[in-house]
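Okay, structure first, notes after.
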Amino acid sequence: MSDETSEHDSAETADAVDSSGFSGEIPGLDDLQSQFEQLSPEEQQEIAEAQQAMEESRQRLASVPAEVVITNHVMGLYELAAIHLSAEEPDLAQAALAIDALACLVDGLGDRLGPEAPTMVGALQNIRLAFVQIKGQAAQAGQPTD
């Protein structure tokens, strides 16, 4: 590649960046900075402490295997579906959405969920069975099952 070609490519890249309208600045950042500077020293300290706590949380989360975090989310979706199914008046639409999201993770990731994958498959099967049973009961009681 000649110097002439690489200079031309660099110029085109610079033109593309300039024509995109991105100046390298984040819109509203100056406003946030000025708002921060208007806070009392105590408020600024609280924000700094909150930022530090968030950074520590991010570091702890980064040290946990992704499969563990995802498994926790799977169980959260299971619980969400169970809550909607066990309500005095079950919300089948909301339960179905949570079950479908749960299925996306469990079926989509399969064994990548690690040693807990069989447990997650079992949980999905159980919540699906509960959904079908509750939907059947609602239909017998003449309740809408949409």
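As a calculated quantity, the FRET efficiency between residue 93 and residue 119 at R0 = 35 Å, using C-beta atoms, amounts to about 0.85.
With the convex hull of its Cα atoms as the shape, region 30-146 has an orientation-averaged projected area of 11.5 nm². Using the Karplus relation 6.51 cos²θ - 1.76 cosθ + 1.60 with θ = phi - 60°, the per-residue 3J(HN,Hα) values for region 93-103 come to 5, 5, 5, 4, 4, 5, 5, 5, 5, 4, 5 Hz, with x marking Gly and Pro. Calculated accessible area for region 65-146 comes out at 62 Å² per residue, all protein chains present (probe 1.4 Å; ligands, DNA, RNA ignored). Can you classify region 35-93 as rounded, prolate or oblate using the Cα gyration tensor, where a ≥ b ≥ c are the square roots of its eigenvalues, rounded means a/c under 1.5, and otherwise it's prolate if a/b beats b/c and oblate if not? Oblate, since a/c reaches 1.5 and b/c is not below a/b. In this entry, region 76-120 is assigned a mean projected area of 3.0 nm², taken as a quarter of its C-alpha convex hull surface.
Expressed as a whole percent, the accessible area of region 20-97 that falls on carbon and sulfur atoms is 55 (1.4 Å probe).
For the peptides 127-135, 40-48, 91-99, the ranking by mean Cβ contacts within 10 Å, running from highest to lowest, is 91-99, 127-135, 40-48.
The values are calculated or read from the model by the stated rules, or taken from the named source; none is laboratory data. Everything quoted here is computed from the prediction, not taken from an experiment. Glycine gets a Cβ as well: all are built from the backbone with ideal geometry, and neighbour counts include every protein chain shown. We work out accessible area using only protein heavy atoms, side chains counted, and drop any ligands, DNA or RNA first. Shrake-Rupley method; radii C 1.70, N 1.55, O 1.52, S 1.80 Å.
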